[in-house]
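This report refers to the structure that appears directly beneath it.
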Amino acid sequence: MTQAVTEIKRCFPQLEVLADLKIMDAGYYESEMAFKAGADYATVLGVTDILTVKGCVDIANKMGKKVVVDMICVPNMPERIRQLEEVKAHILSVHTGADQQTAGREPIEDLRVMVEHTREAGISVAGGINSKSVAKYVALNPDIIIVGSGITHNPDPAKEAAAIKAAMRKGA
């Protein structure tokens, strides 16, 4: 991981780099490796122990970086948001995974809960978002909208990316 992050940062120093590590233990140590390699953000799973998240946040603050808490499969979102804000997590990310998407789930309801209960942290959303659905996410005003397979699995990725961008501008 560190070599890839270092190389990406070397080639594109003007861009922010996220190391999507989905840390589950040893938060301080794992995040520190990512940040030393050049990552600006590292992800930690929201279902992990709060001490792991705190370790990630502590080293991020020390190094001037940020932690993104991936909220995939978090069962009690309002309570977990409260706990994560107590340790000053930087960004909370609603995430509906690919397996959940095949069962018909979308991140929109979790995003509504996140928007209602988050007081300080930034909010991001990911999971099955495309040009046809992005407007409803824009309407809830998250700080970050992540689009992956909506672009990469599209037969015309450039056209889809442009359509998403246009829909986001229209909804903003």
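When MET24, MET33, MET1 are screened for being of a type outside the set (Val, Ile, Thr), modelled with pLDDT of 95 or more, more than 22 Å from THR96 (Cβ to Cβ) and surrounded by 13 or more Cβ atoms within 10 Å (Cβ to Cβ), only MET33 passes. Any residue that is β-branched (Val, Ile, Thr) and modelled with pLDDT under 95 - is there at least one of those in the range 83-102? There is at least one residue in the range 83-102 that is β-branched (Val, Ile, Thr) and modelled with pLDDT under 95. Looking at the range 84-126, which of its residues are over 11 Å from MET71 (Cα atoms) and either in a strand (DSSP E or B) or in contact (Cβ under 8 Å) with a residue 60 or more places away in the chain (or both)? The answer is GLY122, and nothing else. Residues in the range 137-149 that are modelled with pLDDT of 95 or more and either assigned to a helix (DSSP H, G or I) or among the hydroxyl-bearing types (Ser, Thr, Tyr) (or both): how many? Residues in the range 137-149 being modelled with pLDDT of 95 or more and either assigned to a helix (DSSP H, G or I) or among the hydroxyl-bearing types (Ser, Thr, Tyr) (or both): 2 in total.
The values are calculated or read from the model by the stated rules, or taken from the named source; none is laboratory data. Source: prediction; values computed, not measured. Backbone-built Cβ (ideal geometry, glycine too); neighbour counts: all protein chains shown.
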